[in-house]
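J.: Sharing a structure with you now.
The values are calculated or read from the model by the stated rules, or taken from the named source; none is laboratory data. This is a predicted model, so every value here is computed, not measured. Here the Cβ positions follow ideal geometry from the backbone for every residue, glycine too, while neighbour counts run over all protein chains shown. Calculation scope for accessible area: heavy atoms of the full protein, side chains included, ligands and nucleic acids excluded. Shrake-Rupley method; radii C 1.70, N 1.55, O 1.52, S 1.80 Å.
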Amino acid sequence: MKRLLLLLASFIVTLHAAAATYYVTVAGLGGEPDYEQRFTANAKDLDKVFRGIAGAHVLTLTGTQSTAAQLRTALAGVAQQATANDDFVLVLIGHGSFDGTEYKFNLVGPDLTAVDIAAMCDHIASKRQLVVDTTSSSGGAIAAFERSGRIVIAATKSGTEKNATVFARYFVEALQDTSADVDKNDSLTAAEAYTYASRKTAAFYESQKRLATEHAVFNDTGRGEAVRDAGGGQGQLMASFTLLRYGAAQKAASDPAKQSLLAKKEELEQKIDVLKYNKAAMDPADYKKQLTAALLELAQVQGELDK
């Protein structure tokens, strides 16, 4: 507990004027040495990635730290510091269980239900939140986590997919592999990471000639059923949620003089994504006019960033 409090103190005092992102990763109870090592390795890999992000606030719980009490302390610390303009990311790695009614995240000692964890997240002011539950039976947690402004990604489509998952491995890999940045804008969104991990998970089962026992889904509207693919209103928030930046974008994020330009660039990119998403429902002339204006403004902002 003493070590956690020291980590938490470091975690919450590194404040800066610009909007920040708070990353909390938890590797739950493995139960067996192989799972324990796998879960811990995934969590540590994420920790390394997140700590490389300028201005990020990072806390990772593994091994004996992964208890209900310490997770409560960690999320309470975020709730004390995060503002409405800050983003919040929670990644759960490990085993989950579902009894037909209630999902539980397996921890050292007493487990926590999805309702418990969601209630903690509800106390965090961040308007934009991302919960990535990579555990078995994680589909059973989605309904409890759903809230406006919160993206929920689950490794399984329901609580009844109870086998150990591999989704976490590929979600972590997405944050380490620049090819996951499909639009090559030097920023990885939650949508891109989800798509990469889902594709790699499916390929894993195909290569092993095994029937897939997990099917990742998401919900970013705060209501209704989770889906596997964007459409019908689902996917817009996930496509606009930046997890990390590469290269020039990362450099700009670290430069106070360019942070506002980078924010404008990402705002325009999100506007363009929304326009493309809604193209079918728009008047063609209006769509072309708005898209052209946004692309021209984006080019101007990019030019300023490149100076």
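J.: Suppose we filter ALA141, ALA41, ALA119 for residues that are without any contact (Cβ under 8 Å) to a residue 40 or more places away in the chain, within 29 Å of VAL227 (Cβ to Cβ) and not β-branched (Val, Ile, Thr); which single one remains? Walk me through it before giving the result.
T.: Numbers: ALA141 fails: without any contact (Cβ under 8 Å) to a residue 40 or more places away in the chain; ALA41 fails: within 29 Å of VAL227 (Cβ to Cβ).
Sole residue among the options that is without any contact (Cβ under 8 Å) to a residue 40 or more places away in the chain, within 29 Å of VAL227 (Cβ to Cβ) and not β-branched (Val, Ile, Thr): ALA119.
J.: Something else about it: Sort out which residues of the stretch 143-158 are open to solvent by less than 10 Å² (accessible area, probe 1.4 Å) and part of a loop (DSSP other than H, G, I, E, B), and write them in order of number.
T.: Of all residues in the stretch 143-158, those open to solvent by less than 10 Å² (accessible area, probe 1.4 Å) come to 145, 150-156.
ALA155, THR156, listed by residue number.
J.: Checking the conditions here, which among ALA239, ALA230 is open to solvent by 40 Å² or more (accessible area, probe 1.4 Å), at pLDDT 90 or above, under 25 Å from ASP186 (Cα atoms) and among the small types (Gly, Ala, Ser)?
T.: Details: ALA239 fails: open to solvent by 40 Å² or more (accessible area, probe 1.4 Å).
Among ALA239, ALA230, only ALA230 is open to solvent by 40 Å² or more (accessible area, probe 1.4 Å), at pLDDT 90 or above, under 25 Å from ASP186 (Cα atoms) and among the small types (Gly, Ala, Ser).
J.: Pick from the stretch 159-189 the residues that are touching a Phe, Trp or Tyr at 6+ places or on another chain (Cβ under 8 Å) and within 16 Å of PHE98 (Cβ to Cβ): which of them is least open to solvent (accessible area, probe 1.4 Å)?
T.: GLY159
J.: I would also like to ask the following. Restricting to the stretch 162-180, count the residues that are out of contact with any helix residue (DSSP H, G or I) (no Cβ under 6 Å at 6 or more places or on another chain) and either of a type in the set (A, V, I, L, M) or assigned to a loop (DSSP other than H, G, I, E, B) (or both). Step through it out loud before you land on a result.
T.: If we filter the stretch 162-180 for residues that are out of contact with any helix residue (DSSP H, G or I) (no Cβ under 6 Å at 6 or more places or on another chain), which is where we start, we get 162-165, 169, 173, 176-179.
Still in the list and also either of a type in the set (A, V, I, L, M) or assigned to a loop (DSSP other than H, G, I, E, B) (or both): 162-165, 176-177.
Number satisfying all stated conditions: 6.
J.: Among the residues of the stretch 181-192, which ones are out of contact with any Leu (no Cβ under 6 Å at 6 or more places or on another chain) and assigned to a helix (DSSP H, G or I)?
T.: Step one: of the stretch 181-192, the residues out of contact with any Leu (no Cβ under 6 Å at 6 or more places or on another chain) are 182-187, 189, 191-192.
If the condition is that a residue be out of contact with any Leu (no Cβ under 6 Å at 6 or more places or on another chain) and assigned to a helix (DSSP H, G or I), then ALA191, GLU192 are the ones that fit.
J.: Give me a count of the residues in the stretch 50-68 that are aliphatic (A, V, I, L, M) and either modelled with pLDDT of 95 or more or at positive phi (or both).
T.: So in the stretch 50-68, the residues aliphatic (A, V, I, L, M) come out as 53-54, 56, 58-59, 61, 68.
Then keep just the ones that are either modelled with pLDDT of 95 or more or at positive phi (or both); that gives 58-59, 61, 68.
Of the residues in that region, 4 qualify.
J.: Next question. Please work out which residue is farthest from LEU92 (Cα to Cα), limiting yourself to the stretch 5-41 and to residues that are open to solvent by less than 20 Å² (accessible area, probe 1.4 Å), at pLDDT 95 or above and not β-branched (Val, Ile, Thr).
T.: TYR22
J.: Quick check: is even one residue across the stretch 192-203 more than 18 Å from the chain's Cα centre (by Cα) and among the small types (Gly, Ala, Ser)?
T.: yes
J.: Hey, could you check the stretch 116-142 for residues that are in a strand (DSSP E or B) and open to solvent by less than 10 Å² (accessible area, probe 1.4 Å) and say which is nearest to THR165 (Cα to Cα)?
T.: First, the residues of the stretch 116-142 that are in a strand (DSSP E or B): 128-133.
Narrowing the set further to residues that are open to solvent by less than 10 Å² (accessible area, probe 1.4 Å) leaves 129-133.
Working: GLN129: 23, LEU130: 20, VAL131: 17, VAL132: 13, ASP133: 11 Å.
Only one residue fits best here, namely ASP133.
J.: Something else about it: So LYS104 passes all but one of these: (1) in contact (Cβ under 8 Å) with a residue 40 or more places away in the chain; (2) open to solvent by 50 Å² or more (accessible area, probe 1.4 Å); (3) basic (Lys, Arg). Which condition number does it fail?
T.: Here LYS104 clears every test but (1).
J.: Among the residues of the stretch 44-84, what is the count of those that are in contact (Cβ under 8 Å) with a residue 60 or more places away in the chain, assigned to a helix (DSSP H, G or I) and closer than 22 Å to LEU188 by Cα?
T.: 4
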